[in-house]
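Contents: one structure, followed by commentary.
The values are calculated or read from the model by the stated rules, or taken from the named source; none is laboratory data. Keep in mind the model is a prediction, meaning the values are calculated, not measured. As a convention, Cβ positions derive from the backbone with ideal geometry for all residues, glycine included, and neighbour counts pool all protein chains shown. Protein only, heavy atoms only, side chains kept; ligands, DNA and RNA dropped before computing areas. Shrake-Rupley method; radii C 1.70, N 1.55, O 1.52, S 1.80 Å.
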Amino acid sequence: MKKIALISDGWKRLITYAWVQGIMDKIHEQGRDVALYQYNSYGNWSKDELHNKGEYNIYNLPDLSKFDGIVLDCSNIVDREQFDYVIKLLRSSGVPVVSIGYNIEGFYYASIDNKQPIIDIMEHLYHDHGYRKFIFAGGPVDNYENSVRTNAYKTSLFRLGLKEADNPCWYGDYDYETGVRYMTEMLESGADFPDVFVCANDNIAAGLCATAAKAELQVPGDFAVTGFDNLDKAAFFKPQTSTVGYDREKIGGKCFEVLADIWDGKEVPTYNYVTAECLFSESCGCENRGSVDYREYTKNQIVYGVKKQADDERLVVLEGDLSKCLEYKEMLRFVSVFFCRVGLQRI
């Protein structure tokens, strides 16, 4: 049996399950005898540095040299010291590593081509809509994928004969509040709006559009907006957001394919991409894409909210039970009961 270790850091208190699903789908598709072990921390959400340090200690639990391959999702590790430590740890294992969305020397890379979709968006905005003034509403300045998207934006400006000084890049985070901040600062400054805010992701686009709506501004009437990632925030937002869509599960699947090819002695390229597609819609002046069921979405959100509340209450009970345990056997019994009650399913 082959063994894969998935090393990841959650986005605040959320976990990207698509990597797991994509890897497992490929394992089943190829009929291979492979076990997947995930070591996920939540080391970037708490303001308590000691708490976050404790979260990152999960990476010290496995003997990584005993695995046959490692998949790394380090894009959410904001502590540079921890980032460098994890990379050093993985390099010392001597095991092939596939990095998701973050280019690291000596590791294989798996993700989408972040450059071409931004170029395609800019070409569409310039030629199909006649927009001439832009702002790139970006994410973290030191995030790899954000830097690729930013450079693609700058490349597009050059190709279109536009100056960077007149079409600036902003840097923030990848969250909704970054979009709120961008628009708030724009309104308070009294500066002229661009024709388009080209956002680094859909969270930023949603925050920006929502804040503009409170100020009674129209998108795309007063300016246009584009996003990236094709989250629910894009498809179901008002206006429906122009974005870039791709299958996250396929990225997980691509990671497994890279490792499987290595095991089979095949020649494997350093960079491995899955396809992405520009999805133009209302926020840039195109028509609604359709293909979404708003009532079904609302129903699912209601059901999810009810289940999450019940699961959170069960978690509180579990934490209380664990605090009283004196032996590991007791802890395992309570944990098993908890997972049964929340409906944990095997993939």
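Does the stretch 232-247 contain at least one residue that is without any contact (Cβ under 8 Å) to a residue 24 or more places away in the chain and assigned to a helix (DSSP H, G or I)?
No, the stretch 232-247 contains no residue that is without any contact (Cβ under 8 Å) to a residue 24 or more places away in the chain and assigned to a helix (DSSP H, G or I).
Using the structure shown, decide if Gly253 is closer than 30 Å to Ile4 by Cβ, at pLDDT 95 or above, not in a loop (DSSP other than H, G, I, E, B) and not β-branched (Val, Ile, Thr).
yes
Select from the stretch 271-281 the residues that are open to solvent by less than 60 Å² (accessible area, probe 1.4 Å) and outside any strand (DSSP E or B) and list them in ascending order.
Ala276, Phe280, Ser281
Report every pair of residues separated by at least 6 positions or lying on different chains whose Cβ atoms are under 7 Å apart, first residue within the stretch 17-29 and acidic (Asp, Glu), second in a helix (DSSP H, G or I).
Cβ pairs passing all conditions: Asp25/Glu249; Asp25/Gly253.
Which residues, taken from the stretch 240-270, are polar (S, T, N, Q), open to solvent by 20 Å² or more (accessible area, probe 1.4 Å) and in contact with a helix residue (DSSP H, G or I) (Cβ under 7 Å, 6 or more places away or on another chain)?
Passing the criteria: none in range.
Would you confirm whether or not the stretch 294-303 contains a residue that is open to solvent by 100 Å² or more (accessible area, probe 1.4 Å) and outside any helix (DSSP H, G or I)?
Among the residues of the stretch 294-303, not one is open to solvent by 100 Å² or more (accessible area, probe 1.4 Å) and outside any helix (DSSP H, G or I), which makes the answer no.
Applying the selection to the stretch 218-248, what residues are within 12 Å of the chain's Cα centre (by Cα) and charged (D, E, K, R)?
Asp229, Asp247, Arg248
Considering only the stretch 24-33, I want to know if a residue exists there that is more than 22 Å from the chain's Cα centre (by Cα), open to solvent by less than 30 Å² (accessible area, probe 1.4 Å) and farther than 15 Å from Gly10 by Cα.
Yes, because at least one residue in the stretch 24-33 is more than 22 Å from the chain's Cα centre (by Cα), open to solvent by less than 30 Å² (accessible area, probe 1.4 Å) and farther than 15 Å from Gly10 by Cα.
As an exercise: evaluate Val225 against (1) open to solvent by 70 Å² or more (accessible area, probe 1.4 Å); (2) in contact (Cβ under 8 Å) with a residue 24 or more places away in the chain; (3) of a type outside the set (Ser, Thr, Tyr) and give the number of the one condition it does not meet.
Of everything listed in (1) open to solvent by 70 Å² or more (accessible area, probe 1.4 Å); (2) in contact (Cβ under 8 Å) with a residue 24 or more places away in the chain; (3) of a type outside the set (Ser, Thr, Tyr), Val225 misses just condition (1).
Mind listing whichever residues of the stretch 308-342 are modelled with pLDDT of 85 or more, open to solvent by less than 50 Å² (accessible area, probe 1.4 Å) and not hydrophobic (A, V, I, L, M, F, W, C)?
Answer for the stretch 308-342, where residues must be modelled with pLDDT of 85 or more, open to solvent by less than 50 Å² (accessible area, probe 1.4 Å) and not hydrophobic (A, V, I, L, M, F, W, C): Gly320, Asp321.
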